[in-house]
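The values are calculated or read from the model by the stated rules, or taken from the named source; none is laboratory data. Fair warning: this is a prediction, and the values are worked out from it, not measured in the lab. Virtual Cβ from ideal backbone geometry, glycine too; neighbours counted across all protein chains shown.
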Amino acid sequence: MTSENPGRVVLLTTSHRVAPGLLSWPAWQALREADRVLCGDEAHPQLPYLREAGVAVEHARPAAAELVAACAGGRTVLVLPSGEGDRELTDGLARLAGSGRTAMPDLELLPGSYDLPGARLLDLVQVMDLIRRRCPWSSRQTHQGLAKYAIEETYELVEAIETGDRRELREELGDVLLQVVFHARIAEEDAEEPFSVDDVAGTLVEKLIQRHPHLFGDATAETPEDVRALWVRAKAVEKRRASVTDGVPVGQPGLALAAKLAGRVRTAALDVPLPRGQGVGYELLALAARAEAEGVDPEAALRAAARAYRDAIRAEEGL
């Protein structure tokens, strides 16, 4: 051990999800004040911007003992790790510190850039691009071929929501998100009307702003009902629909379709009586309309009853 000032080591970490050169003010201060700045990766994306800012960077990958020695006498050495991190160096520093035989410099982990919320979506887009280009199965998929998976994943998401399984909910949300990113990646290759996931997100942002004029405009909404009314009016202006039934997909499950139509009629304050007829279809139509008026999702209600029936069957089977 020695009384000499052992100095300081600064490990400057950066996020690959933030554009190179966009560093925090403490990071720039540390870079300018350090006695030496070391980087073992000659292709590190930050290097061109550091050079442009006049920061001298040495291409070196010192061992732990060498780094400690370089700090002797109160010097500060800043290390810019590679994208994978310099595990060998950090492990070596930990061993030296644990030995008790070496005067260790102060160790500081300094984040130079941080991930913003949603930053992992950039990873998803990057991985999806690689899969689309290299995977023998994914590279051949089309919108039409993937359509069935979007339906399946949506139903699995609904089931996770209704069962309250948080782990399943997280996973199924990811599977639905995969469908969005996959279709957007395929759309980039369209020769006539290509669009990207950024276009999808941009369109959604515009829609959300337009349909929330009480947040982004001069409109006022005090209750959930007020918000819904603003949403319906904005949607009507956007779509320029001639009928309240326009935009209602008739291919959806029957109870959901009936409830959706009943909801459109109620929201528009139209006086349209339910058609009369014989058979279970008309009875179900009336039940679906009644459920919608009472604020009940008939599909969810029927699924809950069906699950209870399934459990009774399994109990009878001794399962």
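General remarks:
To keep it simple, each residue is scored yes or no on (1) under 38 Å from the mean Cα position of the chain (by Cα); (2) modelled with pLDDT under 90.
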site	(1), (2)
244	yes, yes
257	yes, no
262	yes, no
280	no, no
289	yes, no
292	yes, no
296	yes, no
300	yes, no
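- The lone criterion from (1) touching a helix residue (DSSP H, G or I) at 6+ places or on another chain (Cβ under 6 Å); (2) not in a helix (DSSP H, G or I) left unmet by residue 243 is number (1).
- Top-ranked residue in the range 282-306 [being out of contact with any Pro (no Cβ under 8 Å at 6 or more places or on another chain) and without any contact (Cβ under 8 Å) to a residue 12 or more places away in the chain; ranked as surrounded by the fewest Cβ atoms within 10 Å (Cβ to Cβ)]: 295
- Residue in the range 121-139 that is over 30 Å from residue 67 (Cα atoms), outside any helix (DSSP H, G or I), among the aliphatic types (A, V, I, L, M) and in contact (Cβ under 8 Å) with a residue 12 or more places away in the chain present: no
- Among the candidates 161, 186, residue that is touching a helix residue (DSSP H, G or I) at 6+ places or on another chain (Cβ under 7 Å), surrounded by 13 or more Cβ atoms within 10 Å (Cβ to Cβ), free of Cβ contacts under 8 Å to residues at least 12 places away in the same chain and aliphatic (A, V, I, L, M): 161
- Enumerated helices (runs of 4 or more DSSP H) restricted to the range 140-220, each holding at least 2 residues that are aliphatic (A, V, I, L, M) and under 25 Å from residue 256 (Cα atoms): 143-163, 166-187, 197-210
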